[in-house]
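The values are calculated or read from the model by the stated rules, or taken from the named source; none is laboratory data. Just so it is clear, the model here is predicted, and its values are computed rather than measured. Here the Cβ positions follow ideal geometry from the backbone for every residue, glycine too, while neighbour counts run over all protein chains shown.
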Amino acid sequence: MSAPAGWEDFLASYPPGFDEVHPGAYSSAERIKYMDQADTWAQVLYPNIAGFGAQWLLSMNDGKLQLDCVRAYNDFQHELVSVAPRRLIPNVSLPF
């Protein structure tokens, strides 16, 4: 689920403000509720925040900053899935 999940308009017209974003986009408990409504038992969570294929991280010229970003993201994933670790499956980032 991303911010436009449940958004009625065409995908390119993302919700204009945070108030209109589906709570399942940022709350694990709400995501589980949404998954239950959608008859979805599990979801793999991909690290798209760094860019598909981690282009954003690779463009940095600071190895320590890259590693710090990877650690922060993986810590976030760990916290996010703690609500339902058998249903929310993290696909963590690896430092490279």
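Tabulated data
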| read-out | value |
| --- | --- |
| Residue match in segment 5-26 (condition: modelled with pLDDT of 90 or more, under 12 Å from the mean Cα position of the chain (by Cα), closer than 23 Å to S93 by Cα and outside the structural domain of S93 (by TED's automatic domain parsing)) | no |
| Matching residues in segment 24-40 - criterion: being without any contact (Cβ under 8 Å) to a residue 12 or more places away in the chain and in a helix (DSSP H, G or I) | E30, K33, D36, Q37 |
| Residue pairs meeting the criteria (Cβ under 6 Å; at least 6 apart or on separate chains; first charged (D, E, K, R), in segment 67-96; second exposed (fewer than 13 other Cβ atoms within 10 Å of the Cβ) and at pLDDT 85 or above) | R87/A42 |
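Okay, residues lined up against (1) surrounded by 11 or more Cβ atoms within 10 Å (Cβ to Cβ); (2) at pLDDT below 90; (3) over 16 Å from the mean Cα position of the chain (by Cα):
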{"site": "S59", "(1), (2), (3)": "no, yes, yes"}
{"site": "D62", "(1), (2), (3)": "no, yes, yes"}
{"site": "Q66", "(1), (2), (3)": "yes, yes, yes"}
{"site": "V70", "(1), (2), (3)": "yes, yes, no"}
{"site": "V83", "(1), (2), (3)": "yes, no, no"}
{"site": "R87", "(1), (2), (3)": "yes, no, no"}
{"site": "V92", "(1), (2), (3)": "yes, yes, no"}
